[in-house]
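One structure is given here, and the rest of the page talks about it.
The values are calculated or read from the model by the stated rules, or taken from the named source; none is laboratory data. Predicted model only: the values in this text are computed from it and were never measured. FYI the Cβ positions are ideal-geometry reconstructions off the backbone, even for glycines, and counts take in every protein chain you see. Each accessible area value is taken on the protein alone, full model and side chains, heavy atoms only, with ligands, DNA and RNA left out. Shrake-Rupley method; radii C 1.70, N 1.55, O 1.52, S 1.80 Å.
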Amino acid sequence: MNVDSDSDISISDYEENEAGVSRSRTKGKKKATDKRKKDKAKRKPKDVQAYTWEANFARSWETVQEDEGGSLQGAVNDWMARGRRKRLLQPQNAIRRTIIRHMVLLIDLSSSMMDRDMRPTRFAVTLQYAREFVLEWFDQNPLGQMAVVGMRAGVGERICDMSGNPQDVLKSISDRHKLEPIGEPSLQNSIEMARNSMNHLPTHSSREILIIFGSLTTCDPGNIHDTLDECVKNRIRISIVALAAEMKICRDLCDKTGGQFGVALNEGHFKDLLFELVPPPAQRALPRSSAAVSSSTNPAADLIMMGFPTRLPDTSPPSFCVCHSELRSKGFLCPRCLAKICDVPTDCDICGLMIVSSPHLARSYHHLFPVKPYSAVASFDNVADPSTSPSCHACSKIFPTTALHNIVDGMSAIGRYRCPDCETDFCSDCDVFVHDVIHCCPGCGE
């Protein structure tokens, strides 16, 4: 019997052939996988970050520095000192200001607002600060009215009509899906829409346009300088907060109309630039003896006709309002034509009378006569008798009996801040509260 056979001889050869085929297949799969990874890496842009944890994070805790004892009181004092120094730079004399304001807020809704140089995006930060700005603006300007216009896809889109109710404005900018950024902005179309919405306003009220601009281009159908000339003619003040860089046309819009221009360096600077526009701007009154100046361009107005409405209770029978043509129980009655309106301040749609409430008028008074800044008491030598005034005049907080060291410039070493009129001492917390919230000195009542 022949022991050697083809099957016995080919066993080892078959195993070697199978191992070679498997190795070639594995090597082929590895090459294909590496090729797919390279192709995927080529298709994926380097600046696109797929996941949140891949992005850079901001070390916000490094901005707060502790002192030698591990306390944060030094950082708090530095923050309060910056606010006090800023308050001292403001004019202390009474300045003529326009307390009846009409503002159109222009928000850039172009594709450039999706950039991530501000976390999480420019669009998200803008909406957040816009909501805070609206609340603060209506709190400091209760007689003002605001409208919102968006800039996207080369046109101006009306988001909210002119309204004196902050809830209406906040509701219009609360839905992010309706404000999704797309396309390119158009400064000319948006400014024209805002200008046309303010043509009917009276001359004694201010006309302002605030633009939050994040793009470096503008898609305009015509010459934007013609629009600028019309804004100057209609006495419309334009202010711009840029998120990208300074553009010459933006600087010209602000300089020629008397507005403010600033480029935001970061999120905190963006908020500071935005909130600088909350106080009413100073008004430049033209002389009455100038006969060449027409009444339409002269802002001088001694008497303004206003009406104080009658508020209807919630249990009153429903009736139609003239502003929305809806059946409502609560509202206000115009003192001249007895028309029903929903909110104040506003202009009556029937007789055109400006309707305000007395609390709104009183809250706007502090802009005309601001509280004088308190002076920091340097040492106990400037205190006649510490035992006669051992505590704050407003909150009765006990003043420290020993002077502090390493005090920031503008702060008091003994924690006393004195009113220049009534010469009463206040603590640092009451100093901030008096000038930022109540706008009235408790010591002198002014």
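Could you tell me what percent of the accessible area of region 306-365 is made up of carbon and sulfur, with a 1.4 Å probe and every protein chain present? Numbers along the way, then the final one.
Working: 2000 of 3520 Å².
The C+S portion of the solvent-accessible surface of region 306-365 is 57 percent.
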Roughly what would the spin-label model give for GLU180 and VAL278, points 7 Å off Cα along C-beta, in nm?
3.4
In whole percent, and with a 1.4 Å probe on the protein chains, what portion of the accessible area of region 99-275 is carbon and sulfur?
49
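Calculate the dipole size of region 99-275 relative to its Cα centre from +1 charges on Lys and Arg beta carbons and -1 charges on Asp and Glu beta carbons; express the result in debye to the nearest 20.
Values: 19 positive and 23 negative charges, 38 e Å.
Using only the charged Cβ atoms, the result is roughly 180 debye.
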Carbon plus sulfur fraction of accessible area for region 370-446, probe 1.4 Å, in percent
53
List, in the order given, every pair from LYS171/LYS397; LYS171/LYS372; LYS271/LYS372; LYS372/LYS397 whose Cα-Cα distance in the structure shown is over 31 Å.
LYS171/LYS397; LYS171/LYS372
If I stretch the segment between PHE433 and VAL155 completely, what's the gain in nm (0.36 nm per residue apart, minus their alpha carbon distance), one decimal?
95.7 nm
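Ordering GLU246, GLU136 from largest to smallest accessible area (1.4 angstrom probe), what's the sequence? The partial results should precede the final answer.
On the way: GLU246 110, GLU136 65 Å².
Listed by decreasing accessible area, they come as GLU246, GLU136.
Could you work out how much longer the chain between LEU404 and CYS440 gets when fully extended? Use 0.36 nm per residue separation minus the Cα distance between them, nm to one decimal.
Values: separation 36, 0.36 × 36 = 12.96 nm, distance 2.87 nm.
10.1 nm is the gain from fully extending LEU404 to CYS440.
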Separation of the LYS233 and ASP139 label points, Cα + 7 Å toward Cβ, nm:
4.1
Listed residues MET162, MET305 arranged by accessible area, highest first, probe 1.4 Å
MET305, MET162
Area accessible to solvent at MET247, 1.4 Å probe radius, in Å²:
30
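Test of understanding: what is the full-extension gain from ASP385 to ARG96, defined as 0.36 nm times their sequence separation minus their Cα-Cα distance?
Separation in residues times 0.36 nm, less the Cα-Cα distance, equals 100.0 nm.
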Obtain the nm distance between the two label points defined at MET114 and SER325 by a simple spin-label model: each point lies 7 Å from its Cα along the Cα-to-C-beta direction.
3.9
With every protein chain left in place, what is the accessible area per residue of region 156-293 in square angstrom, probe 1.4 Å?
49
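Report the per residue volume, in Å³, of the convex hull enclosing the C-alpha atoms of region 370-446.
On the way: hull volume 6.9 nm³, N = 77.
Expressed per residue, the convex hull around the Cα atoms of region 370-446 is 89 Å³.
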Solvent-accessible heavy-atom area per residue, rounded to whole Å², over region 357-446 at 1.4 Å:
56
